[in-house]
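Here's the structure we're looking at; comments come further down.
Values quoted throughout were computed directly from the atomic coordinates according to the rules given, and no laboratory measurement underlies them. What you are looking at is a predicted structure, and each value in this text was computed from that prediction instead of being measured. When we count neighbours, we look across all protein chains shown, and the Cβ atoms used for this are built from the backbone with ideal geometry, even at glycine.
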Ligand code: DI6
Ligand code: FE
């Protein structure tokens with residue numbers, strides 16, 4: 001017997017196929033032991049509903065879609081940087097604040113001063129806000145330590161939050177986030193520490209699912225990034241990259257060369273870089289929150305991504321500087337309005353493609369039998385509405401790893 005079964009649902013499975021959104025009308029969805037046991041037309045059910053499941057529920061035509069996934073966040077941090085936002089509103093530039101010791105450096109100082117419990121207490125309400133939107137899975141990066149102990153504390157906090165909240169947390173080591181001279185005395189020595197000490201130790205503790213770096217004029221060069229990636233490879237870890245956000249540093253091609261799961265931002269990515277990404281299966285993660293809040297004027301080359309066949313995910317980039325986001329779903333209409341994504345691409349971007357960007361497509365991201373039961377019920381007329389309403393969308397019911405909350 002299945003644990004529960006929805007009848008009379010409209011399903012946006014987000015499976016790739018002939019129809020948009022992978023739609024099935026008059027659909028049914030059954031769940032057993034945390035997994036999707038059945039998804040398809042009600043007429044194809046292998047028996048009478050009452051014989052199939054303990055708990056049979058009418059969906060009354062509600063839409064069921066994969067639970068959203070936030071595949072790029074820096075959501076564990078201490079403090080906030082609203083004062084810098086005010087400075088930027090008055091004309092200061094993000095890079096200049098960063099070079100003057102603010103920006104990432106300011107959050108590093110606050111995070112170094114915070115205990116593991118304080119980091120957890122600070123991040124919990126941010127994650128709860130995402131969870132209220134139905135989010136099942138969140139990638140969380142370190143990178144506000146820039147020293148072993150704090151990087152480790154951030155990753156431990158992320159893992160503990162996942163367990164406490166019943167959320168799937170994917171951790172990313174972003175030791176190569178920045179190296180401001182006020183905080184990192186010797187950049188070369190710091191890189192050696194990342195490569196020879198941090199990655200091996202944190203990986204062996206099971207705290208790292210992937211490794212990221214910030215390849216940018218204000219952070220690490222492509223050569224430095226490659227060193228970090230070599231170390232990740234040595235420890236069997238997949239990589240991803242903050243690439244070509246402020247300038248074209250060849251980040252897209254570098255990510256592709258290392259078979260990265262994703263390359264993120266990409267406002268300045270070149271056509272060749274994107275072609276290499278398509279070939280390597282590296283997903284482009286688009287971050288409209290950072291674009292909006294930095295008042296960027298050059299959107300990522302979405303038309304070129306489509307042309308080259310690059311998969312596109314969408315994420316919040318939740319962080320205290322460039323994207324103080326408390327919502328993932330808000331990024332859908334922003335991705336459409338600012339970047340020209342179609343509503344279907346935006347929804348795929350926080351479901352199927354976000355799962356792909358985390359290497360989790362076999363586990364979640366679409367409604368398919370055998371996958372983890374991660375879905376939401378929405379009281380809407382069509383799934384395109386998820387890319388249309390600007391803020392405050394709440395599912396009627398949420399199921400995360402089989403735990404139904406309705
Ligand atoms: N790119 C980003 O969007 C964040 N980090 C990065 O490398 C911004 C982090 C911050 O401003 O605190
Ligand atoms: Fe980021």
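Here is how the numbers come out for the structure above:
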{"item": "Cβ crowding within 10 Å averaged over residues, with 192-202, 139-149 ranked highest first", "result": "139-149, 192-202"}
{"item": "Sequence of 72, 382 once ranked by neighbouring C-beta atoms within 10 Å, starting from the fewest", "result": "382, 72"}
{"item": "Cα centroid separation - the range 184-245 against the range 292-320, whole Å", "result": "23"}
{"item": "Neighbour-count ranking [beta-carbon atoms within 10 angstrom, fewest first] of 154, 87", "result": "87, 154"}
{"item": "Computed log₁₀ I(q)/I(0) - Debye formula, equal Cα scatterers, no solvent, the chain, q 0.09 Å⁻¹", "result": "-0.51"}
{"item": "Label-point gap, in nm, between residue 90 and residue 295 - each point 7 angstrom along Cα→Cβ", "result": "1.4"}
{"item": "Pairwise label distance in nanometres, residue 82 with residue 132, each label 7 Å out on the Cα-Cβ vector", "result": "1.7"}
{"item": "Residue order, fewest to most surrounding Cβ atoms within 10 angstrom, among 375, 21", "result": "21, 375"}
{"item": "Antiparallel DSSP beta bridges within the chain, percent to nearest 5", "result": "40"}
{"item": "The chain: relative contact order in percent, alpha carbon pairs under 8 Å with at least 6 residues between", "result": "19"}
{"item": "R0 of 41 Å, Cβ-Cβ distance residue 235-residue 25: FRET efficiency to nearest 0.05", "result": "0.30"}
{"item": "Estimated inter-spin distance, residue 306 and residue 217, nm [label 7 Å along Cα→Cβ]", "result": "3.1"}
